[in-house]
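Please treat every number below as a calculation from the coordinates, not as lab data. As the structure is a prediction and not an experimental result, all values here were calculated from the model. Cβ: placed from backbone, ideal geometry, glycine included. Neighbour counts: every protein chain shown.
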Amino acid sequence: MLATVSIVVPLTALPLTASTLVAGAADVAWPTLLATSLASLAYAGMFVLAGIWFRRAVWWGLAFVLIWENAVAYSAEGTARYTVIGWASSVLGLAPEIDVQLEAGSAATAFVVLPAIAVAAWLAATWRYRRADID
């Protein structure tokens, strides 16, 4: 888990935050850093779990991101509550004058939901790993 997080967070959160600063939107930098960091933690947990649980996990992860996190979340009303991107958008909505298209709920709830997703996935991955038969 730590290996995944130590790669994913710096490769996603830092460049996106830096791009807000370069674009001259310094008031959006902190919400961007928070949203991308929390989303990275949640995705890292989910994809480590998928890697342990499924065969061909890369394809399952790609299908999940393309179909559920993008197509379904933006087209079906109410599904944002069940997506990581919806909760991350709620955190991004803290920035002034930012109108997010996909919002799952309040930002305060997102600060609980996103770490809870990460911890639950990490615990499930640990449980699955301990029960696995590795040859």
Notebook entry, point to check: Where does the charge balance sit around ALA124 when Lys and Arg score +1, Asp and Glu -1, over other residues with C-beta under 14 Å from its C-beta?
Noted result: +3
Check: Between the helical axis of 107-131 and the dominant principal axis of the chain, each derived from Cα atoms, what acute angle in degrees is found, rounded to the nearest 10?
Finding: 10 degrees
Check: At q = 0.16, 0.18, 0.20 Å⁻¹, what log₁₀ I(q)/I(0) does a Debye calculation on the Cα points of the range 19-123 give, no solvent, two decimals?
Finding: -0.73, -0.89, -1.04
Notebook entry, point to check: For MET46, what is the net charge nearby, where nearby means another residue's Cβ is under 15 Å from its Cβ and Lys, Arg count +1, Asp, Glu -1?
Noted result: 0
Next item on the list: Relative to the longest principal axis of the C-alpha atoms of the chain, give the angle of the C-alpha long axis of helix 29-53, reported between 0 and 90° and rounded to the nearest 10°.
Entry: 20 degrees
Next item on the list: Convert each backbone phi in the range 81-96 into a coupling constant with the Karplus relation 6.51 cos²θ - 1.76 cosθ + 1.60 (shift: θ = phi - 60°), then list the ³J(HN,Hα) values in order as whole Hz, x for Gly and Pro.
Entry: 5, 10, 10, 5, 5, x, 5, 5, 5, 4, 5, 5, x, 5, 5, x
Next item on the list: Enter the angle in degrees (range 0 to 90, nearest 10) between the Cα long axis of helix 2-22 and the first principal axis of the Cα atoms of the chain, meaning the one along which they spread out most.
Entry: 20 degrees
Next item on the list: Take MET1, MET46 and order them by how many other Cβ atoms sit within 10 Å, fewest up front.
Entry: MET1, MET46
